[in-house]
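A short write-up of the structure that comes next.
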């Protein structure tokens, strides 16, 4: 549709939400398949003065139920198609007020009202919006427990879109192929950057290299964003001929975030698509966007994520002393300056842990200590100010660009008969990030046990949270305090898989 048609639908849907009783700050959960309707609903919630809560399309019943319990939305916008992916839609959504974009027959006993998308709003209708007002809650996994909601402001969304659009050189002549979900800050930024400059954007779900080849040939995009596992697939497909130089003929740039772009994959992209600029990027959901490496430096520094974006400072802090390190150094990356989120939704303890006073003692215009975001990432900085990822400070894992809590995955198997002490650890999975290994105490001779565990994983976990390997042991190693000895466990896994 045209920009005018899209904007009209957003305004009309916002008017419909206000007419239905959405108050300023009320949450609107968006549980839709990838579609224009999804984009309309997300923007309409924010335009109406509410807070949009995009729900990842891969989440299953338990993860969705947690988001809804935590966010306490005014309403959920959904569709019959999206609900086909749930095991028990009534149990997940039975207590929610439901809207659909247009007519939709939801499974009984669920009842939904159509979200108004046709009536023009009255002139001046709607609440005044300020840059510091909350616009969206993005749910992201922590190092332990269930996912937390990061609250981002209107101002951060607009500034982030402008900064990224500027260093990518986006213009109205571009055409962005968007494969990343809007629940991912990196994916949401694509949508907003395209809308800000007025270029064309095509949203799609990526299911494999064959489908990507068809999309590239049909859409002819000038820009494509991905995470390391996607670029690993693309690099392998370019090498074996599944993808050709012609598939990238229209591309002007590609971007990577969500993990390290491996040197071999970067080299394959640049060899087979020589006219395409490759941007390595880094961001935090808690700080939206942080850094990028200019394409002309990627050949010499292929695994660096570069320098802070305009308006942002990246500090390297000694984890033991909280001292800000100068010059070449290794320590925890701390994001200061623009684009810092408001904190975690209704979670003061987690907010206080991650969002802290500037370690340099700096204050804002109001005289209060400036807030910075401690990333939990150990990084290395060279003399020129480039950054490289080293490791996570905590137990957070990253799979295909998604942050994963190992405890959340293990909890799915806690009630499975004939197994005990389910534990999840991550081993090196190459370009995909971590590979999840599930270890349980049980009968290793029971051949059906692993099949049962895999079936449970498929039914209850999104694909990126499903363990890649399953290990059944007679006894779990423990430390003197009775806790699982992860060091000893990793030695067992290494002996079994040859991985560390």
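The values are calculated or read from the model by the stated rules, or taken from the named source; none is laboratory data. The structure displayed is predicted, hence computed values, not measured ones. Glycine gets a Cβ as well: all are built from the backbone with ideal geometry, and neighbour counts include every protein chain shown.
Annotations
- In region 239-260, of all residues being free of Cβ contacts under 8 Å to residues at least 60 places away in the same chain and within 19 Å of residue 430 (Cα to Cα), the one that is surrounded by the most Cβ atoms within 10 Å (Cβ to Cβ) corresponds to 256.
- Taken over region 427-449, the residue count meeting the criterion of being surrounded by fewer than 20 Cβ atoms within 10 Å (Cβ to Cβ) and either modelled with pLDDT under 85 or outside any loop (DSSP other than H, G, I, E, B) (or both) is 8.
- Check on residue 128, assigned to a loop (DSSP other than H, G, I, E, B) and in contact with a strand residue (DSSP E or B) (Cβ under 8 Å, 6 or more places away or on another chain): no
- Some residue of region 27-35 being surrounded by fewer than 21 Cβ atoms within 10 Å (Cβ to Cβ), in contact with a strand residue (DSSP E or B) (Cβ under 7 Å, 6 or more places away or on another chain) and not in a helix (DSSP H, G or I): yes
- Residue in region 109-123 that is within 30 Å of residue 160 (Cα to Cα), touching a helix residue (DSSP H, G or I) at 6+ places or on another chain (Cβ under 6 Å) and at pLDDT below 70 present: yes
- Qualifying residue in region 354-376 (condition: buried (at least 21 other Cβ atoms within 10 Å of the Cβ), farther than 30 Å from residue 230 by Cα and in contact with a strand residue (DSSP E or B) (Cβ under 8 Å, 6 or more places away or on another chain)): yes
- Residue 454 passes every criterion in (1) over 19 Å from residue 259 (Cα atoms); (2) part of a helix (DSSP H, G or I); (3) in contact (Cβ under 8 Å) with a residue 24 or more places away in the chain apart from (3).
- Residue in region 131-143 that is farthest from residue 400 (Cα to Cα), counting only those that are outside any loop (DSSP other than H, G, I, E, B) and at pLDDT 90 or above: 134
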